[in-house]
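One structure is given here, and the rest of the page talks about it.
The values are calculated or read from the model by the stated rules, or taken from the named source; none is laboratory data. Just so it is clear, the structure is predicted and the values come from calculations on it, not from any experiment. No Cβ is skipped: glycine too gets one built from the backbone with ideal geometry, and neighbour counts run over all protein chains shown. What goes into the accessible areas is simple: the full protein's heavy atoms, side chains included, and nothing from ligands, DNA or RNA. Shrake-Rupley method; radii C 1.70, N 1.55, O 1.52, S 1.80 Å.
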Amino acid sequence: MVKFSREYEASIIPEWKAAFVDYKRLKKLIKRIKVTRRDDSFAAANAAAAADHLLPPPPAEKEAGGYGFSILDPVRAIAARFSAGQQPSASEDEECPDRGELVRSTDKHEREFMERADEELEKVNAFYTGQEAELLARGDALLEQLRILADVKRILADHAAARRARGLARSRSMPPPPPSSSPPSSVHGSSGRYLLSGLSSPQSMSDGSLELQQAQVSEGAAVADEVMAALERNGVSFVGLAGKKDGKTKDGSGKGRGGGGGGGGGVLQLPATVRIDIPATSPGRAALKVWEELVNVLRKDGADPAAAFVHRKKIQHAEKNIRDAFMALYRGLELLKKFSSLNVKAFTKILKKFVKVSEQQRATDLFSEKVKRSPFSSSDKVLQLADEVECIFMKHFTGNDRKVAMKYLKPQQPRNTHMITFLVGLFTGTFVSLFIIYAILAHVSGIFTSTGNSAYMEIVYHVFSMFALISLHIFLYGCNLFMWKNTRINHNFIFDFSSNTALTHRDAFLMSASIMCTVVAALVINLFLKNAGVAYANALPGALLLLSTGVLFCPFDIFYRSTRYCFMRVMRNIIFSPFYKVLMADFFMADQLTSQIPLLRHMEFTACYFMAGSFRTHPYETCTSGQQYKHLAYVISFLPYFWRALQCLRRYLEEGHDINQLANAGKYVSAMVAAAVRFKYAATPTPFWVWMVIISSSGATIYQLYWDFVKDWGFLNPKSKNRWLRNELILKNKSIYYVSMMLNLALRLAWTESVMKIHIGKVESRLLDFSLASLEIIRRGHWNFYRLENEHLNNVGKFRAVKTVPLPFRELETD
């Protein structure tokens, strides 16, 4: 049976750990009480034995069945009567129940335990009350947002239907019917866009009679008034609304913005419009926002200054934001319920241990009653709000389908099966066996000797290195997942991954082993075909590339489709960095690409080789010594740094001009400069460029090391209680952190090999390049753990366990 302390530590919410009951500390106090009582009993027994040894033997028993008389009996009787007199009567306890909250014992450890337990109770209550109030306020805000959305959709749909009906009646030369008072359920318009304050302004109409224009302006005013009234009912106030009602200014005159009476008297005068704020997280949203602002600016000079152009997509985005906000709210409510139940259970367990050791039943009962009366134990507001959220979510977002709603609100964790572990072992054993077979066949064929086939060695080296580096990176990511899970680092929350589709460490190991098994099997078959003299044997590596590409883009729900699509979405965000909002997963993946520059070079060569060999557009030498190839290699070498620098600039603009983002961008710019200088040195190896390489690469390395240790890992804090580390550490052995810092320093200096000019053979040179590329990936996998550890501790420090979704509708502010 698992001890409760272990179960408790494994169940607490990592980001809220500091707010939970410190069960370990209370348990230590109980052990101290137990040891003290045991020592006291031993001391009393020894004193009694010594007293009995010094006294003469007792006289004969006066009564049959008695045990004699001791000289210490009167003293014991007086002590027992004195201790009984110290205890309060039952009537006093009933009159003053709070007086028994702390133990009235002479033992200091018992008093210390009760005082500490009372402090823990206050801490839990304060945190629960604050979180409960925050979630309740968030729930009220979401209900208002939902009401606003429903009202806007109903009003827009109602008048859209009325306009269509009037248009149909006008085409039939019939008088238009009055607008319907019952709103339809659909909001889809034929044009795909709406005007929240009514129809188009009169100046946008190029033809038509004056009467028709005035009628449409009046209709626009009616629509706008109805929207404003509906939003006011939901608590949304607008700029200057109080002073401008019914087209009148503050002085009571009916003159509008466009002039005096006459035909201009019917011009719409509204103070403000409905504002829907959708973050421009993608190029589509950004273009939509720019277009909408442009249309609104052009309409300001018209007779309808309050007209607000809203595209149909914007309404959909607003609805999606509200849905995501409800999901985040429900997640927070579930976490708070878990917080409450775990703390109640912890207090119950620790009080049982205390009463068993101290025998203070009365004080324990009083403290238990205090726990039961506490807000985190007695409040049912969270339960009621969770039920309301479930009902609202079912009604508005899943068509009253509870099963679908629960898939969104309570995503099920995937069940761990032994089949994945079995497949990992199977593919790993197969890979090792095939690799041994390939090594023996390659040695017998002599293809890797100085007299071997250089063309075969080139293509095999690039293809094998490409897949080997990918497999190694996935394997290290699996090691990261394993360590994050064991240290309770909530990586799914940090990356905003769904828990029911996110990869586990077993899945990553399976992907790595299956890739290497497939690649080595293809290489063995390719070598057999080549030795047999089969034509087009070198097409097999190309077929392997096509197979891997097909698996990556496969639309069917196989081979971890959610992970593949997430990877492609993140890669799209990286490539178009200035146009997409930069999330944690985006810049984390971009950092991985900065360590995979050799992989990109291998991909470039492989694509060039097969295009030159298959289509005969260029000779083979184009992929090794062509000028275009060298220029492309130069571009590929600094593309990841360029993308990462653009991400920093985007974050600089989004996060209130944070100077740290500019400094981070400077780090990647320095890396690009160092890479360019090394390329120049490889082309013209003169002493001047040697010194330029040393200066630029040393500066970039110092910059990168500082950012690794101080910004990414949070180390080198001189005021930390852990010398030159940070205050909070997840790993218990501090020496691991120091060793990791030295390892990161050593691997950051791998560029020194480029200036050493080691004279070795071609095969050994390829092996050295592959080893250096592998060491950089190992450094990156090692860096990943500490980067996410620091991010997790930042979330813990801010008690951030649920993401905050921005709400679409906001109250306009006065100028």
* To do: Looking for whichever is in contact with a Phe, Trp or Tyr (Cβ under 9 Å, 6 or more places away or on another chain), assigned to a helix (DSSP H, G or I) and either within 30 Å of LYS338 (Cβ to Cβ) or at pLDDT 90 or above (or both) here; the options are ILE470, ILE420, ILE437. Which one fits?
  => ILE420
* Which of the residues that make up the range 341-368 are buried (at least 20 other Cβ atoms within 10 Å of the Cβ) and outside any helix (DSSP H, G or I)? -> GLN360
* Asked: How do the pairs read when you match residues in the range 152-169 that are buried (at least 18 other Cβ atoms within 10 Å of the Cβ) with residues anywhere that are in a helix (DSSP H, G or I) and at pLDDT 75 or above, using Cβ under 8 Å and keeping only pairs 6 or more apart or on different chains?
  -> VAL152/ILE315; LYS153/ILE315
* Where a residue in the range 666-679 is in contact (Cβ under 8 Å) with a residue 60 or more places away in the chain and its partner, wherever it lies, is outside any helix (DSSP H, G or I), with Cβ under 7 Å and at least six apart -> none
* Qualifying positions in the range 561-607 - farther than 14 Å from PHE495 by Cβ, among the β-branched types (Val, Ile, Thr) and surrounded by 15 or more Cβ atoms within 10 Å (Cβ to Cβ) -> ILE574, THR594, ILE597, THR606
* If the Cβ limit is 8 Å and pairs must be 6+ apart or interchain, which residue in the range 635-653 that is farther than 15 Å from GLN596 by Cβ pairs with which residue that is among the small types (Gly, Ala, Ser)? -> ALA645/ALA665; LEU646/SER577; GLN647/SER577; GLN647/ALA590; CYS648/ALA665; LEU649/ALA665; ARG650/SER577; TYR652/ALA665
* Structure fact -> Within the range 671-725, residues of a type in the set (S, T, N, Q), surrounded by fewer than 19 Cβ atoms within 10 Å (Cβ to Cβ) and in a helix (DSSP H, G or I) come out as SER698
* Just a yes or no: is a residue in the range 11-27 basic (Lys, Arg), open to solvent by less than 60 Å² (accessible area, probe 1.4 Å), outside any loop (DSSP other than H, G, I, E, B) and modelled with pLDDT of 55 or more? -> yes
* Being of a type in the set (Gly, Ala, Ser), touching a helix residue (DSSP H, G or I) at 6+ places or on another chain (Cβ under 6 Å) and without any contact (Cβ under 8 Å) to a residue 60 or more places away in the chain, is that true of even one residue in the range 683-692? -> no
* Asked: open to solvent by 60 Å² or more (accessible area, probe 1.4 Å), in a helix (DSSP H, G or I), in the same structural domain as ALA133 (by the TED database) and not charged (D, E, K, R) - does that describe any residue in the range 317-332?
  -> no
* Subset of the range 471-501 (residues that are within 16 Å of the chain's Cα centre (by Cα), open to solvent by 20 Å² or more (accessible area, probe 1.4 Å) and free of Cβ contacts under 8 Å to residues at least 60 places away in the same chain) -> LYS485, ASN492
